[in-house]
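Below is one structure, written out as C-alpha cells; comments come after it.
The values are calculated or read from the model by the stated rules, or taken from the named source; none is laboratory data. Fair warning: this is a prediction, and the values are worked out from it, not measured in the lab. For neighbour counting, all protein chains shown are included, and Cβ atoms are generated from backbone atoms with ideal geometry for every residue, glycine included. Accessible surface areas use protein heavy atoms only, side chains included; no ligands, DNA or RNA. Shrake-Rupley method; radii C 1.70, N 1.55, O 1.52, S 1.80 Å.
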Amino acid sequence: MAAAFAGPRPVPNKLPDGYERWVCLYPAYLNKDKSRAEGRRIPKEKAVSSPTIKEMMDVISTTGLQMLGERKIYCREKSKEAPYWGRVRVQLKNQNGEPVNPKFQTREDLMVYTAEKIPQLKSRTNPKHGQDVQQQQGKQGKGKKKK
C-alpha cells in the first residue's frame, strides 16, 4: 500500500548542511478550500484549490531554490490519507542569512508565487482525458442485472 504513494522523493542518505533551518511548506498553506484555522496561510484570492505536494515541488524546482521533499503530515490536516501527505523544505537563505534568490525574501513570497504558478501547470490546464473516457465507457458497458 505504501508503494502506491507517488508523493515526494525519499530523503537522500546525506542531507544538505543546514537543511533543518530551511522553510517548511505544506499543501494546506496554499489551499483555498481551507480556512485560516485549518492552516491556510495566504489570502483566499491568491490561494489554489487542492494543491498537491508534487505540484508544489514542480513549481519550486523551476525557481532554482534548493528543496527537499519529506513524507510528513500537517498536524491540522483532518484526513490522514496518502494524497494529503508531504511537505517541502526550501532553502530561502544561505549560511550568512542572505536570500538565495532576491525574488523570494520571505516564505510568504514563495507561497504566493507557488500558488500563482500551480494553476498554470500542464496537469491543471490539460487534465488527462483518458481517465474520464474509461469511466464513461465502464458505465455504458453495464447491462441489466441477471436474476
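A few comments on the model shown:
- Pairs with Cβ under 6 Å, 6+ apart, first in the stretch 78-98 and assigned to a loop (DSSP other than H, G, I, E, B), second at pLDDT 85 or above and open to solvent by 30 Å² or more (accessible area, probe 1.4 Å): Trp85/Arg71; Trp85/Ile73; Gln91/Gln66; Gln91/Val100; Asn94/Val100
- Taken across the stretch 123-130, residues that are modelled with pLDDT under 95, open to solvent by less than 100 Å² (accessible area, probe 1.4 Å) and more than 22 Å from the chain's Cα centre (by Cα) do occur, with at least one present.
- Residues located in the stretch 78-99, provided they are open to solvent by less than 60 Å² (accessible area, probe 1.4 Å) and within 18 Å of Ser49 (Cβ to Cβ): Ser79, Gly86
- Within the stretch 19-27, not a single residue is open to solvent by 30 Å² or more (accessible area, probe 1.4 Å), of a type outside the set (Phe, Trp, Tyr), at pLDDT 85 or above and assigned to a loop (DSSP other than H, G, I, E, B).
- So Pro102, is it open to solvent by 70 Å² or more (accessible area, probe 1.4 Å), in a loop (DSSP other than H, G, I, E, B) and either among the hydroxyl-bearing types (Ser, Thr, Tyr) or farther than 18 Å from Ser61 by Cβ (or both): yes
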